Each structure stands twice: as C-alpha cells, then as structure tokens.
1. Of everything in segment 36-52 that's out of contact with any strand residue (DSSP E or B) (no Cβ under 7 Å at 6 or more places or on another chain) and open to solvent by 100 Å² or more (accessible area, probe 1.4 Å), which residue is modelled with the lowest pLDDT?
2. Given (1) closer than 29 Å to residue 100 by Cβ; (2) over 16 Å from the mean Cα position of the chain (by Cα); (3) open to solvent by less than 50 Å² (accessible area, probe 1.4 Å), identify the lone condition not met by residue 55.
3. From (1) of a type in the set (Lys, Arg); (2) at pLDDT 90 or above; (3) open to solvent by 60 Å² or more (accessible area, probe 1.4 Å), pick out the condition that doesn't hold for residue 115.
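The values are calculated or read from the model by the stated rules, or taken from the named source; none is laboratory data. What you are looking at is a predicted structure, and each value in this text was computed from that prediction instead of being measured. Note that we place each Cβ from the backbone using ideal geometry, even for glycine, and neighbour counts take in every protein chain shown. With ligands, DNA and RNA removed, areas are computed over all heavy atoms of the protein, side chains included. Shrake-Rupley method; radii C 1.70, N 1.55, O 1.52, S 1.80 Å.
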Amino acid sequence: TMSDLQDQIHRATGLPPCYQRLLARGVKWDANLENQTLADAGLEDRTKIMLMHSPLYAKEKDVFEQLKKIEGEIEDLAGKQTTLESKVLSELVTRICCKLDGVDTMGSATLRAQRKELLRRAERLDSATSHDD
C-alpha cells in the first residue's frame, strides 16, 4: 500500500510520512490515499517516484531539525555509554532531557510524539546504567 511505501521511505530517510509528498506520473499522493495499493494508484514496476517535503514540513521544519540534532546527541551518547561513569552519563542525559523540554512543538502531534520518543530513549540510557551501580 501507499502507507507501506511511506513507512519504507521513513525508515530509509528518517522523514515521517506526514512530511512526505510523493509525486509520480504527475500525480501527488498524500495521507488520504495511504490505504490505496500501489497498483490502484497507477504505480507499476520501475515507476519513478519523486519524494518532496509536504507543506506541513515547511511549517515544522525548524523544530523537526532541532529534534533531529538532539537525536544525534542521544545516539552519540549511546555509543559512549559504556565508557562513561554513571554520574557523568546521568548528567549528560539530564542535559539532553532539558533540551528536549525546551523544544516548543507548536501543538503538532507529530513533533510531540517525536520529542516523547527521544525523551524515552535518553531516559533508557540513564536507567540502563543506574541498574549497574
């Protein structure tokens, strides 16, 4: 389905489906066609599809990019997790959580969910170390 395609694009690019605008054969696909099969949408094997940002992305780009940057910090910290003292790790996680708390999601459910997931990931880093003490 188109929804499956958008999920694959999300996994490959990190761009959530609500921020995707897909174009093929002069037709735009968006969220209201998500349950449509690719064949029903007129997409055949080897049809070229262009990925563009949706108008919603334009509105939320700055906050989305801010969250992506913090996500990178969480990933970097996860890579260093085993080499840091638990107190140092806990402090770094707290700083990341404070950054996330300072992000204004502008009432966007997508941005709010993304921020919530990042908070969970950061807190899991700290709780994994807390159990080792």
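1. 40
2. Every condition holds for residue 55 apart from (3).
3. (3)
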